[in-house]
1. Can you pull out the residues in the range 5-34 that are within 12 Å of residue 45 (Cβ to Cβ) and of a type outside the set (D, E, K, R)?
2. Do you know which of the residues in the range 2-39 that are within 12 Å of the chain's Cα centre (by Cα) and in a loop (DSSP other than H, G, I, E, B) is nearest to residue 54 (Cα to Cα)?
3. Just give me the residues in the range 55-71 being among the small types (Gly, Ala, Ser) and modelled with pLDDT of 95 or more, in sequence order.
4. The conditions are (1) modelled with pLDDT under 95; (2) not in a strand (DSSP E or B), and residue 52 fails exactly one of them. Which is it?
Amino acid sequence: MPLETNTVVQQDLAKTIAQEKEVYVCRTDQGQVTSVSDLETFVELVEQDTGTGVRPVARRVETGLCRKGRRSSRSRSGSTRSSA
């Protein structure tokens with residue numbers, strides 16, 4: 001699915017959130033579906049207007065993974081955070 005973004009500006013700060021979703025289908029050589037994985041990625045960026053440009057204030061990336069297979073197992077996985 002395409003990347004979706006949204007930006008909100010308040011005073012001298014701008015917060016942008018981007019989200020992307022990918023679906024992966026695993027098949028046998030005969031074409032039988034063995035599992036489906038749904039991966040969502042969220043990126044958050046906060047920037048501040050300095051008067052002469054913008055500077056990053058904070059960054060955060062979170063991912064969510066859901067796997068469905070023969071056993072219908074599901075999992076969610078972590079987040080990565082960093083500050084500028």
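The values are calculated or read from the model by the stated rules, or taken from the named source; none is laboratory data. It should be emphasised that the depicted structure is a prediction, and the values quoted were computed from it without experimental measurement. Quick reminder, even Gly has a Cβ in these numbers, built from the backbone with ideal geometry, and neighbours come from all protein chains shown.
1. Across the range 5-34, the qualifying residues are 5, 6, 7, 8, 13, 14, 16, 17, 18.
2. So the residue we want is 3.
3. 58, 64
4. Just one mismatch for residue 52, condition (1).
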